[in-house]
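Heads up, the thing below is written out as structure tokens.
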């Protein structure tokens, strides 16, 4: 089914003009943007608050009298026994009110999200540099920080595994090996016309949300705790705070109005701050704020996993894969955290859009003495995809074909449409997307032009690549695929929605408001989406896996439909019409011949004792997975896209510039094209940053040395390609999602792989594409220069042999 | 006491701690929470505010990182925060920059947004409300990080602000300030003073022998905001008129200790283009608005961007103290890592150098992971002339290659008097190898530094041979072509 929506270039302007001219509904300070109808590019519901600085983040909540500030003392060693800890001077430091260690935790010490292994405060043995070993509470933020160095801690250092190689050699695992097998990969490789093997390394990524991690804990009169947290998973914060304090979940409320960015970094990592602040607030019965300084945030919270990969592949003369044996090893850090899902997702995306044929894909999860790595936009998927894209490039250069040709030949296709984990790809759209982009981006003409440029330039070389993205949508932990929403309709016709998802900038609240407004046929100015709170929505899932709108939007629509059902049933009785004669549109309700305002209907319904609030629930259908056989249908559907990138590199320094990028991406039927384009562009630039300038580094002692924005460089406006074309693929989601839209949060990050592949293409051009230079990610100027020099050495060797 | 205008209103602070920053004052003392802290190190721009100086009858504005700017430094000035731009009781009273940011979907999480708005409003103000070019926009936001949008809509918003001319500036106007005495704050924990003459400066240094001198503070303040040390005694030099001058006379340039990089960019663009081009790579717009050339020398970092240039110009420092003034060649100033020849009680008064003539070839190269606002892995400045086919007047200086900014004396010697050829350059490259033992750190490996140091010398030669034509990836034309479509 294709749903064609003509693009109206004036729609943004039209939408905002309409908003500007709309009469004020209510005599109130209009701080909320009027968002638009479904399918229209309305502005973010908080846009005006953002630009005026009136949008409140946790640190902007006015401090109650007596609010204290927290800081944590961290382990100096990656792995050590704590022999003695003298905190007297810390306690006597100016302004310090209290000092706590693990012994002060009344309940559960472990705050791990899934498996055990993440103590709130290290109990005797430390597992990474900076691991919290004690907490300081002081009158001011500075006083708390200044007290930390006064601690006298005696350590017995233990052997520490810092690098992935050390972790693998050490033999300890945070999770068992996981192998997904189809057929006989070894035999297929052995009997293929060509074989190739290789390896690569993909470094992780610091989230660098602009708002650092923060929690504010208020003790309540019932012996409980109200937590304002910058968290993607308030329910988990609630649960863990309750466990740490050994009180019931019903006494703990976690509240999130918005985050200043999350990107996965506030899925499990926010809990440590919340639980620490709650611990002190519980003991002192005073409000406690715990805000991490940027440096501590960068040193002590988990990041995207580094992955190493090794492969053997067999293929025919055209580069079509016969079999592959691919091992992906994730740098999980000191505990499991969310690594099971992350390594699994890397394995699930080791095909990207390609039919792997006979396959053995192995995931390894060694233990290292570094901070436990965690969720980051894509959740392992990007690393699996980068591995296979790198391999496809290797194969293409081995058979002497353009990588795009080999990519197209290996795409899932009729007859070869089942993944190595047994899911059939129902919607085979990548060929169409790639074909369309190939044309709009002039791939082949530019390939010619670039070849010409490269043959006439010695020190500057250009590269080009077009890479696809196919990303599975659903949590691979099946139980998380549920959403809830609570909709209140008041007698003035205004609507308050609370749902289980959190707003981190992605526009979830805006989309929910659009969906709810559309259900009732009212303007979205009638709809307010409230802060996400665990006392409104119980047992929520994290806002993650790109599933925020799919789950909570559908739940909100279900709640609306229940209320609408009540209203229709009432109208049928009250106005003596048939159900079909009750129509909600334009802030009004038609009941037969008569039209009344939506507010009037609500008022009359209330007077007649009709329930105007409802809870909506949604669970994703069709998904199942058998971990024992590693086969099933873990994803409800796939989001697709492709990017074409052109780069220019300097062969003397390795510096480079991304010159042009064309993107075509599939968001199904867009609920809000402006927000979706925002996710695509932002995700692409974040993916590009991951693979280019963002260089996450530890020293040999396990200290994060890229611990500040001074030495960890995310892209700036200058790095955005001057030629940047982004389009939405026209096509509704064939699955019954809200508005037949598709999830958009994570998939576009992987469009950034095109930049990395283009850089490697430029490096390979030095050896006329006859050599596969190793280019580990991120492709910093240093790594690009090394790849260029490797290609040069290959060429010189070739010419001296000849 | 510190007096200034805050969003148009006269404002005074009596009880500030000596080292209080603008950001901490706004957020903690004033409860003005619209300005955000992203990093507290001047790297992300979320805390950007606008500071006005009243000069020659009008206000001149610049964007600064409020997280690392002393509150005492805005004594007598006008501080404008995002709260001062719009009347938020009425949605339509947004500043045109804010309006454009809304309409172009320039915010997602919104945390960096007030900082972007302030950077762009400052650029708009300094451009007399004329439409900004893309180059101006990128310059204005070079110190603002956004992790959500990918920047395109922010740049679009800035470029689409074309209706400004019709609007008068919307933020609160401040009257001409009454003359104010020097800022001087004394508390139990310490003292900060901002002298307004060189005589006062000397007196303050005599009074406070343990005080740290601060110009822009873009490096010094990190001790407080990153290491949480308390800076107890500070003497600010940014209000000393004698130190704020740039003098160009007979090809001789003298730059005072309180001269910011932005001031140099504004007045030396034609006089010394190679230096100004290099300065575009120093920090960000906000940092260049605060940071000074002399501060870049005085902190003696091995990776300061300007010292290698000044070394190739045979720059001299004028040092001053209670006992008088003396001149010291710059290459005798740097003794070892973060150690200089500055004596107790002395300060750098100005840096002086002769401009190279048109016949002199000068090139500066900075290599880092990111183009904007990054610290060099390697920085090379070369200077030479070719007379009768031979190199002369050769200077080669590197940053990032040793514990101090350092001239490559062996390579210079190898070139001097030798035939101007690639073979000579290759020999000099080999000399660089023997002369430097760079280190591995977070920015680059020793091996990369050594390779690039040599290759940059070759690059300079290639560009010289090509008649000065640049062969760099940064030279691509700045033509913007952006499109979006909602259907393939």
Query raised in the report: Out of (1) under 28 Å from the mean Cα position of the chain (by Cα); (2) within 14 Å of another protein chain (Cβ to nearest Cβ); (3) outside any strand (DSSP E or B), the odd one out for residue A:167 is which?
Result: (2)
Query raised in the report: What number of residues within the range A:575-596 satisfy the criterion of being touching a helix residue (DSSP H, G or I) at 6+ places or on another chain (Cβ under 7 Å) and farther than 28 Å from residue A:510 by Cα?
Result: 6
Report task. Would you mention how many residues in the range A:681-694 are assigned to a loop (DSSP other than H, G, I, E, B) and either surrounded by fewer than 24 Cβ atoms within 10 Å (Cβ to Cβ) or more than 10 Å from chain B (Cβ to nearest Cβ) (or both)? Result -> 1
Query raised in the report: Do any strands (runs of 3 or more DSSP E) entirely within the range A:46-129 hold 2 or more residues that are over 24 Å from residue A:159 (Cβ atoms) and in contact with a strand residue (DSSP E or B) (Cβ under 9 Å, 6 or more places away or on another chain), and if so, which?
Result: A:68-74, A:96-100
Query - The lone exception for residue A:435 - which of (1) in contact with a helix residue (DSSP H, G or I) (Cβ under 6 Å, 6 or more places away or on another chain); (2) part of a helix (DSSP H, G or I) it fails - result: (1)
**Report entry** Qualifying position, being touching a strand residue (DSSP E or B) at 6+ places or on another chain (Cβ under 7 Å), crowded, with 23+ Cβ neighbours inside 10 Å and part of a helix (DSSP H, G or I), among A:370, A:388
**Finding:** A:388
Requested in this report: Have a look at A:566, A:587 and point out the one that is touching a residue at least 40 places away in the same chain (Cβ under 8 Å), over 30 Å from residue A:744 (Cβ atoms) and either surrounded by fewer than 23 Cβ atoms within 10 Å (Cβ to Cβ) or in contact with a strand residue (DSSP E or B) (Cβ under 6 Å, 6 or more places away or on another chain) (or both).
Outcome: A:566
**Report entry** Condition check for residue B:372: within 21 Å of the chain's Cα centre (by Cα) and either under 22 Å from residue B:275 (Cβ atoms) or not in a strand (DSSP E or B) (or both)
**Finding:** yes
Query raised in the report: If a residue has to be touching a helix residue (DSSP H, G or I) at 6+ places or on another chain (Cβ under 8 Å) and part of a helix (DSSP H, G or I) to count, how many in the range B:431-454 make the cut?
Result: 11
Query raised in the report: Does residue B:125 meet the test of being away from chain A (no Cβ under 12 Å), surrounded by fewer than 24 Cβ atoms within 10 Å (Cβ to Cβ) and in a helix (DSSP H, G or I)?
Result: yes
Query raised in the report: residue A:779: facing chain B (nearest Cβ under 8 Å), part of a loop (DSSP other than H, G, I, E, B) and under 25 Å from residue A:263 (Cα atoms), yes or no?
Result: no
Requested in this report: State the number of residues belonging to the range B:370-385 that are within 7 Å of chain A (Cβ to nearest Cβ) and closer than 9 Å to residue B:399 by Cα.
Outcome: 0
Query raised in the report: Across the range B:455-479, which residue is modelled with the highest pLDDT among those that are closer than 27 Å to residue B:421 by Cβ, within 7 Å of chain A (Cβ to nearest Cβ) and not in a helix (DSSP H, G or I)?
Result: B:472
**Report entry** From the options A:361, A:399, A:429, A:406, residue that is within 14 Å of chain B (Cβ to nearest Cβ) and touching a residue at least 12 places away in the same chain (Cβ under 8 Å)
**Finding:** A:429
Query raised in the report: Mind checking which residues of the range A:641-676 are farther than 18 Å from residue A:687 by Cβ, within 10 Å of chain B (Cβ to nearest Cβ) and part of a strand (DSSP E or B)?
Result: A:648, A:649, A:650
Query - Residue selected from the range B:438-451 under the condition more than 25 Å from the chain's Cα centre (by Cα) and touching a residue at least 12 places away in the same chain (Cβ under 8 Å), by the criterion nearest to the other protein chains (Cβ to nearest Cβ) - result: B:448
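Per-residue answers, yes or no, for (1) closer than 30 Å to residue A:49 by Cβ; (2) touching a strand residue (DSSP E or B) at 6+ places or on another chain (Cβ under 6 Å); (3) within 14 Å of chain B (Cβ to nearest Cβ):
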| site | (1), (2), (3) |
| --- | --- |
| A:424 | no, yes, no |
| A:458 | no, no, yes |
| A:478 | no, no, no |
| A:489 | yes, yes, no |
| A:493 | yes, no, no |
| A:497 | yes, yes, no |
| A:502 | yes, yes, yes |
Query raised in the report: Which condition number does residue B:482 fail, the rest of (1) at the interface with chain A (Cβ under 7 Å from one of its Cβ atoms); (2) surrounded by fewer than 18 Cβ atoms within 10 Å (Cβ to Cβ); (3) at pLDDT 95 or above being met?
Result: (3)
Query - Lone unmet requirement of (1) within 14 Å of chain A (Cβ to nearest Cβ); (2) buried (at least 16 other Cβ atoms within 10 Å of the Cβ); (3) free of Cβ contacts under 8 Å to residues at least 24 places away in the same chain for residue B:429 - result: (3)
Requested in this report: May I ask you to verify whether residue A:94 is farther than 30 Å from residue A:421 by Cα, free of Cβ contacts under 8 Å to residues at least 40 places away in the same chain and surrounded by fewer than 19 Cβ atoms within 10 Å (Cβ to Cβ)?
Outcome: no
Report summary line: The one condition residue B:115 fails out of (1) touching a strand residue (DSSP E or B) at 6+ places or on another chain (Cβ under 6 Å); (2) assigned to a helix (DSSP H, G or I); (3) surrounded by fewer than 24 Cβ atoms within 10 Å (Cβ to Cβ); (4) at pLDDT 95 or above is (3)
Report task. Give the residue, chosen from A:727, A:731, A:702, that is outside any helix (DSSP H, G or I), out of contact with any strand residue (DSSP E or B) (no Cβ under 8 Å at 6 or more places or on another chain) and touching a residue at least 40 places away in the same chain (Cβ under 8 Å). Result -> A:702
Query raised in the report: Just to be sure, is residue A:668 at pLDDT 95 or above, crowded, with 24+ Cβ neighbours inside 10 Å and farther than 24 Å from residue A:446 by Cβ?
Result: yes
Requested in this report: Scan A:428, A:404 and give me the residue that is modelled with pLDDT of 95 or more, touching a helix residue (DSSP H, G or I) at 6+ places or on another chain (Cβ under 8 Å) and either assigned to a helix (DSSP H, G or I) or at negative phi (or both).
Outcome: A:404
Requested in this report: Please list, ordered by first then second residue, the pairs with beta carbon atoms under 6 Å, 6 or more apart or interchain, first in the range A:44-68 and more than 7 Å from every other protein chain (Cβ to nearest Cβ), second in a helix (DSSP H, G or I).
Outcome: A:45/A:509; A:45/A:510; A:45/A:513
Requested in this report: Test each condition in (1) buried (at least 24 other Cβ atoms within 10 Å of the Cβ); (2) within 14 Å of chain A (Cβ to nearest Cβ) for residue B:308 and report the one that comes out false.
Outcome: (2)
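The values are calculated or read from the model by the stated rules, or taken from the named source; none is laboratory data. Just so it is clear, the model here is predicted, and its values are computed rather than measured. Because the Cβ atoms are built from the backbone with ideal geometry, glycine has one as well, and the counts that use them run over all protein chains shown.
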